[in-house]
Amino acid sequence: MAHVVIIGGGFGGLYAAKRLAGKDVRVTVIDRRNHHVFQPLLYQVATAGLSPGDIASPIRWILRRQKNVEVLLETVERIDPARRAIVFRGGAETAYDYLIVAAGATHAYFGHDDWRPHAPGLKTLEDALDIRSRVLGAFEAAERDAVLAGRPAALTFVIVGGGPTGVELAGALAEISKQTLAQDFRHFDPRAARILLLEAGPSILSAFPEPLRAAARHDLERLGVEVRTNTPVTRIGPHAVDAGGATIDASSVLWAAGVAASPLGATLGVPLDRAGRVLVNPDLTIAGHANVFVIGDLASLNGPDGKPYPGVAQVAMQMGAHAANNIVRATEGQPLRAFRYKNFGNMATIGRKSAIGDLPLAQLKGLPGWLFWLFVHILNLIGFRNRVLVMVQWAWAYLTYQRAVRLITSVDSSAE
């Protein structure tokens with residue numbers, strides 16, 4: 001029986017594992033964390049709307065009914081395709097017959113890794129909890145300064161990057177300051193907080209059509225967000241950002257400007273693109289190794305338009321299922337098939353009752369977009385319990401303007 005190893009328990013890895021259920025193969029899913037995270041809702045944890053358990057589930061629980069699948073909690077150090085071996089941190093190894101690498105991506109600071117401590121990104125639950133503590137801690141620091149120093153407390157949040165994550169963070173932070181916390185403090189007005197969204201390019205949400213980009217910017221500005229395009233960041237310090245030729249004093253800086261592929265891709269010994277993603281064949285295999293598949297954010301493959309497929313969840317899910325299907329075909333002696341992506345649309349939420357959606361048959365914005373966004377995200381959450389909890393949380397937030405999980409779980413040195 002062929003042994004299939006899947007590295008990564010994200011969308012791509014899980015969809016590959018599920019597609020191999022009941023097949024005549026033995027599957028091992030390896031991840032350095034024991035849980036799968038629904039990444040599109042990480043910003044909700046970061047902005048105190050949801051708890052970590054609402055958007056995450058143990059990988060073992062998700063795959064518990066698949067008798068041919070086992071889960072291994074371990075960190076992969078490198079891959080040796082020539083020996084068909086995976087080397088773990090510490091030197092232990094495991095062999096494979098077929099390999100699916102779905103190791104994902106991390107933050108990219110464009111050669112300025114010294115910015116990382118001052119501007120956290122948002123890729124994991126740990127990142128989300130760190131951001132939540134920094135944001136809530138900044139409000140507490142402003143109140144403390146107003147009490148102890150006897151002066152008005154300036155509060156400025158800077159989000160770097162105008163993609164979906166940056167837009168969603170900016171909208172949520174505006175709602176927190178203007179609505180959720182508006183009556184909670186006695187010595188300063190949270191509604192006076194500034195929310196700045198900085199984008200180096202000419203527009204936010206560049207992957208969306210112009211009418212939707214304009215609608216998103218309008219809704220952000222209606223919430224009080226200052227949107228600055230053509231404003232590249234040149235320096236980030238503990239309490240300041242240099243951007244567009246000016247220095248901005250910042251209580252907190254959040255990074256949503258770029259991602260870098262997992263370093264595991266470099267250990268495969270095959271060509272990479274400029275972002276470190278692995279150049280894959282149309283069937284998702286790599287050059288010289290027909291038994292190794294790379295999918296999701298780590299894979300670089302051009303679509304019919306000549307542009308690489310985007311690093312979004314639906315691409316990873318479809319790639320995972322396709323790689324699994326090709327492995328089954330290989331075990332049966334059949335030729336592998338080229339990957340064909342079905343685009344079901346692109347969405348981003350701006351705030352309460354506002355979202356945009358670029359769908360195959362329609363463009364949505366405002367309340368209709370938000371309702372559709374709500375439906376899609378509830379539908380795709382893994383686990384009935386998660387769906388019910390998130391529905392209850394969002395219903396409560398909608399009726400009361402409150403956010404349920406306003407807990408500071410770590411100490412942010414910038415608030416000291």
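What follows draws every value from the coordinates through simple rules; no lab data is involved. Remember, predicted model here, so these are calculated numbers, not experimental data. Cβ placement follows ideal geometry from the backbone for every residue including glycine, while neighbour counts extend to all protein chains displayed.
Working from the Cα coordinates of region 292-367, the gyration tensor eigenvalues give, after taking √(5λ), semi-axes of 32, 12, 11 Å in decreasing order. About the centre of its Cα atoms, region 171-299 shows a dipole size close to 160 debye [charges on the beta carbon of Lys, Arg (+1) and Asp, Glu (-1) only; nearest 20 debye]. Tally Lys/Arg at +1 and Asp/Glu at -1 over every other residue whose Cβ is under 14 Å from the Cβ of residue 363; what's the total? Here the charged neighbours net out to 0.
Modelled spin-label separation between residue 214 and residue 380, with each label point placed 7 Å from Cα along the Cα-to-Cβ direction: 2.8 nm.
Using θ = phi - 60° in the Karplus curve 6.51 cos²θ - 1.76 cosθ + 1.60, the 3J(HN,Hα) couplings for region 28-42 round to 10, 9, 10, 8, 7, 10, 8, 10, 9, 10, 7, 4, x, 10, 4 Hz; x is entered for Gly and Pro.
When peptides 62-74, 334-346 are sorted by average Cβ neighbour count within 10 Å, with the highest value leading, the order is 62-74, 334-346. With 32 Å as the limit on Cα-Cα distance, the pairs of 67/342; 123/353; 18/353; 23/353 that go past it are 18/353; 23/353. Within the chain, antiparallel bridges make up roughly 50 percent of the DSSP beta bridges whose residues both belong there.
Would you indicate which of [x] 143, 56, 44; [y] 100, 51, 44; [z] 74, 43, 39 is the value of Cα extents along the principal axes in Å derived from the coordinates of this structure? Answer label, from the structure shown: [z].
Whole-Hz Karplus values for region 295-303 come out as 9, x, 5, 7, 9, 10, 9, 7, x Hz, taken residue by residue from phi with 6.51 cos²θ - 1.76 cosθ + 1.60 and θ = phi - 60°; glycine and proline positions read x. Its DSSP H runs of at least 4 residues, each contributing -39,500 (n - 2.57), put the calculated 222 nm mean residue ellipticity of the chain at -9000 deg cm²/dmol, to the nearest 500. In terms of its Cα atoms, region 170-300 spans 65, 36, 32 Å along the principal axes, sorted from long to short.
Our coupling estimate for region 58-68, obtained by passing each phi through the Karplus curve with A = 6.51, B = -1.76, C = 1.60 and θ = phi - 60°, is x, 4, 4, 5, 4, 9, 4, 8, 9, 5, 8 Hz, Gly and Pro reported as x. Once backbone amide H atoms are built at 1.01 Å from N, residue 72 has 29, 30, 31 as its partners under 5 Å, excluding neighbours fewer than 5 places away on the same chain. Within region 173-247, antiparallel bridges make up roughly 55 percent of the DSSP beta bridges whose residues both belong there. In region 30-102, the ratio of gyration radius to Kirkwood radius, Rg to Rh, stands at 1.08 when only Cα atoms are counted. Amide H contacts of residue 163: 205, each under 5 Å away and 5 or more positions distant or on a separate chain (H built 1.01 Å from N in the peptide plane; Pro and chain starts excluded). Counting only Cβ charges, +1 for Lys and Arg and -1 for Asp and Glu, the dipole size of the chain around its Cα centre is about 1080 debye. Add +1 for every Lys or Arg and -1 for every Asp or Glu among the other residues with Cβ under 12 Å from the Cβ of residue 9, and state the total. That works out to +2.
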